[in-house]
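Below: one structure, written as structure tokens.
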Amino acid sequence: MYQTTEIASKAGIHPNTVRIYEEWGYISPVPRADNGYRIYSDLHLFQLQVARTAFRCEIVQGQIREKARTIVQTSGREDFRTAIKLAEDYLTHLEKEHIRALEAIELVEKWLDGKDSPISAETYTRNEVAQLLEVSNEIIRNWERNGLLTVPRLPNGYRRYTEKEMNRMKIIRSLRHAHYSMSAILRLLNTTEESTELNVKQVLDTPAEYEDIVTVTDRLIHSLEDAIWSAREVIRLLNQAVR
């Protein structure tokens, strides 16, 4: 049996976090002693370990955080078999996201290899671009507002997108689908203007020193690898509970 400070120390979290996790249903209801103090068991310690491991992943994109939360809530209800199934599905989702992110980087590198190749003189309107890329006009406008691309204009002021802009937007679309932040993509595009020999994964994955705020999304590859490890560890823990 443990008091709040004792179980918090064993789980490696703050005592207030233990109380919050009880309130949110991440652990089973905690009985009180005659003096009103909470009395925790090894079951509660186990559930806290599951929660702490699952929440090692700080990624919030693509419903990843919500999936982890559902696993922890299910463990808190002591439905460990269902939690295992959810954790296995979660692991599969993370592995797909990891492949998706790597594919986006591969696409960028292929684009860089051919970025000096001759391009056609064909041009497109924004509506045509939106249809070809299967994105909305507003998404394209948002990319432009965030400095991801500059579009040439005709004498009448209308934008005309060339193959150069199309190729650039294909890269932007792929990286956004892989949940890279606007700042990470802009950093990559700016770097390509300075050098044709760069490690795309490193540029995307490592925020520049001058940036004040570093989002987890900028380190998506490493974060996903950490999340995959955590998911496997959660599955291992939960399997212990049903043996």
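The values are calculated or read from the model by the stated rules, or taken from the named source; none is laboratory data. Computed from a predicted model, the values in this text were never measured in an experiment. Here the Cβ is made from the backbone with ideal geometry for all residues, glycine too, and neighbour counts use every protein chain on show.
Quick one: which residue in Asp34, Asp79, Asp42 is among the charged types (D, E, K, R) and in contact with a Phe, Trp or Tyr (Cβ under 9 Å, 6 or more places away or on another chain)? Show your work before the answer.
Values: Asp34 fails: in contact with a Phe, Trp or Tyr (Cβ under 9 Å, 6 or more places away or on another chain); Asp79 fails: in contact with a Phe, Trp or Tyr (Cβ under 9 Å, 6 or more places away or on another chain).
Just a single option satisfies the conditions, and that option is Asp42.
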Looking at region 100-123, can you tell me whether even one residue there is within 30 Å of Arg52 (Cβ to Cβ), surrounded by 18 or more Cβ atoms within 10 Å (Cβ to Cβ) and in contact with a helix residue (DSSP H, G or I) (Cβ under 9 Å, 6 or more places away or on another chain)?
yes
Output the residue which, of all residues in region 127-173 that are of a type in the set (Lys, Arg) and in contact with a strand residue (DSSP E or B) (Cβ under 6 Å, 6 or more places away or on another chain), is surrounded by the fewest Cβ atoms within 10 Å (Cβ to Cβ).
Arg153
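Checking the condition in contact with a Lys or Arg (Cβ under 7 Å, 6 or more places away or on another chain), of a type in the set (Lys, Arg) and either under 28 Å from Glu95 (Cβ atoms) or crowded, with 16+ Cβ neighbours inside 10 Å (or both), which residue from Arg69, Arg65, Arg38, Arg52 passes? Break it down stepwise before answering.
On the way: Arg69 fails: in contact with a Lys or Arg (Cβ under 7 Å, 6 or more places away or on another chain); Arg65 fails: in contact with a Lys or Arg (Cβ under 7 Å, 6 or more places away or on another chain); Arg52 fails: in contact with a Lys or Arg (Cβ under 7 Å, 6 or more places away or on another chain).
The conditions single out Arg38.
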Looking at this structure, is Leu91 at pLDDT 95 or above and over 16 Å from Asp226 (Cα atoms)?
no
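Please count how many residues of region 27-82 are among the hydroxyl-bearing types (Ser, Thr, Tyr), touching a residue at least 40 places away in the same chain (Cβ under 8 Å) and not in a helix (DSSP H, G or I).
Residues of region 27-82 among the hydroxyl-bearing types (Ser, Thr, Tyr): 28, 37, 40-41, 53, 70, 74-75, 82.
If we keep only those that are touching a residue at least 40 places away in the same chain (Cβ under 8 Å) as well, we get 28, 41, 53, 75.
Okay, now just the ones that are also not in a helix (DSSP H, G or I), so 28, 41.
Summing the residues that are among the hydroxyl-bearing types (Ser, Thr, Tyr), touching a residue at least 40 places away in the same chain (Cβ under 8 Å) and not in a helix (DSSP H, G or I) in region 27-82 gives 2.
Determine whether region 200-223 contains at least one residue that is assigned to a helix (DSSP H, G or I), surrounded by 14 or more Cβ atoms within 10 Å (Cβ to Cβ) and at pLDDT 80 or above. Write out each step before concluding.
Let us first name the residues in region 200-223 that are assigned to a helix (DSSP H, G or I), namely 200-205, 216-223.
Pick out the ones that are also surrounded by 14 or more Cβ atoms within 10 Å (Cβ to Cβ) and you get 200-201, 203-205, 216-221, 223.
Right, trim to at pLDDT 80 or above and you get 223.
The answer is yes, given that some residue of region 200-223 is assigned to a helix (DSSP H, G or I), surrounded by 14 or more Cβ atoms within 10 Å (Cβ to Cβ) and at pLDDT 80 or above.
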